[in-house]
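So the structure is just underneath, and the comments pick up after that.
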Amino acid sequence: MIYLLIGLGLVAAAFGAGWWLRHRRHLPAGQEPEPRSSDNLALLRKIDRMILSNLSLDYIAQEIVNQLPSGTKLLGGTLRAIESGTGALKALGVTDSLRAAGNELSLNGLQGSILSPAQLQRHASLTAQAIDERRVVSGEQLCDFECPPLTLEQAKRIQDSLQIKGIFAYPITAADRVSGAMTFYFDRPLNHISRKDHEMMQAVTDVIGIAMENSRLINQTEDINKKLAEANTQLHRLDQTKDEFITIASHQLRSPLTAIKGYLSMLLDRDFGAVSKRQEPIFQQIMESTNEVINIINDMLSVSRINAQKFELTRVPIHLEDVIGDVLSELKPLASKKALRVALKVPKQPLGSLSFDPLRIRQVLVNFIDNAIKYTPRGYIDVELKQDGDDVVFTVSDTGIGIPKRELGRMFTKFYRAANARQLVTSGSGLGLFVARQVIEAHQGTCIMESREGRGSTFGFRIPLKVLQSGKADLPPDKVVATGVRS
Ligand code: ADP
């Protein structure tokens, strides 16, 4: 019996030894089993999560290198980044367990250390060489990688104390630029570093590279945003200065122009004696040009008031029919020159006195009628004022060039002039319709625009009668309901 038991024991021992030898054969003497892929994946996922939770690498560099020993067969690592401004290489993180206690026999001295661009270029260490040559560099002497900043003496003592036996420097690249280096420290010599170890180091380096690139792009975007904000403030200031300048200049110009206009109409009315047949058309021409300049100045003044949010109405009761008649008699000579027939239609039953800002509504009427004359080479212009339901409606229809369909949406915006208008009349500010819209909306109305290219246009406005009859206190322009443009 005893022999039987000894026999069975020997057989079992032989089997056990065979199994152990078979499995042992795959590993060179003294080599550790390979790290499991799941460990590497877990590490990468952790680093990924850190990067996603905080996009600034400065904050997470230390946390990333602290993760390295977990699950992998690594002692730890150092993460270095090239500073964008100086081009120097700075150690942002060194695994805590390698710099614990902060004493002489730890890698604490690496934290925050800097290699200048010149040191990088002349390969002051193997880490610098890995960056400069954009390739993985390995070695077994800590000093080759970390002197400077460590001295040879320090490096030797630290290497012995931490049992560092194999070291790799991986350049960190992303979007085709080198942004730093990862140095990995193993407690195994180089010939014991497996393919999986390399895969893990490469994967970690790649993830960090992407994080660095993101961080660089974020910094760049922040910089651009800051510069844009500064430029915007500066532009705003310049815009204000421009508005103030326009306001002052326009006011200064308007007074002498009004005097010129006054004397001209006295001349034309023969208040200063006879005017010859040759002189009359010249005075008429001077009058038209003076009116044109006054209208442009009025539009510019209104725009600068609108920009400065100082656009307010002063409403008084007026008879709109009278103002229309007045504007027409001023502009009719322009239409006559082009042989345009101008017809005016007003309600049989007068609308009575309505509460308008007289100067501004005159400006609107001038803009609509003047445009109809300017942009109509032949045909006729119908000016109509009517009551339509509960609204007062004013329209100017012409048989002019019309507006290209694709440009209709841009009318009533500041400075916009359609291509066909620019071709026909080279001068023009593109401010008239913009001002008209502000004035009409401030009167709680809407502008009317209907147009077909080559056929003609109708411009005008519609304002609720009860708003004009009430004469109630005006709302500031920003409180006025913007009803938009009807086309
Ligand atoms: P301006 O007449 O100085 O160009 P406006 O602001 O008065 O500026 O008009 C803006 C643009 O609207 C014009 O340049 C033109 O393209 C278009 N427009 C306005 N009225 C008419 C019209 N009656 N017929 C054709 N186009 C017009």
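Structural remarks
- Binning the alpha carbon pair distances of segment 77-159 at 5 angstrom intervals from zero yields the distribution 3, 16, 25, 28, 18, 8, 2, expressed in whole percent.
- Using C-alpha pairs below 8 Å separated by at least 6 residues, the relative contact order for the chain is 9 percent.
- Taking amide H atoms as placed 1.01 Å from N in the peptide plane, the amide H of residue 392 lies under 5 Å from those of 463, 465, each 5 or more residues away in sequence or on another chain.
- Overall, segment 193-329 carries a charge dipole of about 260 debye about its Cα centre when +1 sits on the Cβ of Lys and Arg and -1 on the Cβ of Asp and Glu, all other atoms neutral.
- With θ taken as phi - 60° and the Karplus curve 6.51 cos²θ - 1.76 cosθ + 1.60 applied, the whole-hertz 3J(HN,Hα) list for segment 77-93 is x, 10, 10, 10, 10, 7, 6, 5, x, 9, x, 7, 9, 10, 7, 8, x Hz, x standing for glycine and proline.
- Ranked from largest to smallest solvent-accessible area, with a 1.4 Å probe on the protein heavy atoms, 70, 355 come out as 70, 355.
- Set of lysines near residue 261 by C-alpha distance (under 25 Å), chain-local residues within fewer than 8 positions excluded: 277, 332, 337, 338, 374
- Cβ-based net charge around residue 177, under 11 Å, with every Lys or Arg adding one and every Asp or Glu removing one: 0
- Orphan Cys of the chain, criterion: no other Cys C-beta under 4.7 Å: 447
- Residue 242 accessible area, 1.4 Å probe, all protein chains in place, Å² to nearest 10: 80 Å²
- Surface share of carbon and sulfur [accessible, 1.4 angstrom probe, percent] for the chain: 55 percent
- In this structure, the amide hydrogen of residue 188, modeled 1.01 Å from its nitrogen in the peptide plane, lies closer than 5 angstrom to those of 165, 166, counting only residues at least 5 positions away or on a different chain.
- Accessible area per residue for segment 151-284 is 61 Å², calculated with a 1.4 Å probe on protein heavy atoms, without ligands, DNA or RNA.
- Convex hull volume of the chain per residue (C-alpha atoms, cubic angstrom): 315 Å³
- Set of lysines with alpha-carbon distance to residue 310 below 19 Å, sequence-local pairs under 8 removed: 242, 414, 479
- Residues with amide H under 5 Å from that of residue 428, placed H, sequence gap 5 or more: none
- Shape box of segment 325-371 [Cα atoms, principal axes, largest first, Å]: 34, 25, 14
- Counting only protein chain heavy atoms and rolling a 1.4 Å probe, the accessible areas of 406, 417, 45, 157 rank, largest first, as 406, 45, 157, 417.
- Think of it as helices only: each DSSP H run of n ≥ 4 in the chain is worth -39500 (n - 2.57), and spread over all residues that comes to -16500 deg cm²/dmol at 222 nm.
- Accessible area of residue 340 (1.4 Å probe, protein heavy atoms only, ligands and nucleic acids ignored): about 10 Å².
- Rounded to whole Hz, the Karplus (6.51, -1.76, 1.60) HN-Hα couplings of segment 247-259, x for glycine and proline: 4, 5, 4, 5, 4, 4, 6, 5, 4, x, 5, 5, 5
- The angle separating the long axis of helix 152-162 from the principal Cα axis of greatest extent in the chain is about 70 degrees.
- Probe 1.4 Å - accessible area at residue 441, Å² to nearest ten: 20 Å²
- For segment 345-362, backbone phi angles converted through the Karplus equation (6.51, -1.76, 1.60; θ = phi - 60°) give residue-by-residue couplings of 10, 10, x, 4, 8, x, 6, x, 7, 10, 8, 10, 7, x, 5, 6, 5, 4 Hz, Gly and Pro being listed as x.
- Cβ-placed point charges (K, R +1; D, E -1), dipole of segment 281-378 about Cα centre in debye, nearest 20: 360 debye
- Rg over Rh [alpha-carbon atoms, Kirkwood Rh] for segment 226-322: 1.19
- Heavy-atom SASA rank of 143, 447 (probe 1.4 Å, accessible area, largest first): 143, 447
The values are calculated or read from the model by the stated rules, or taken from the named source; none is laboratory data. Just so it is clear, the model here is predicted, and its values are computed rather than measured. When we count neighbours, we look across all protein chains shown, and the Cβ atoms used for this are built from the backbone with ideal geometry, even at glycine. Only protein heavy atoms, including side chains, enter the accessible area calculation; ligands, DNA and RNA are left aside. Shrake-Rupley method; radii C 1.70, N 1.55, O 1.52, S 1.80 Å.
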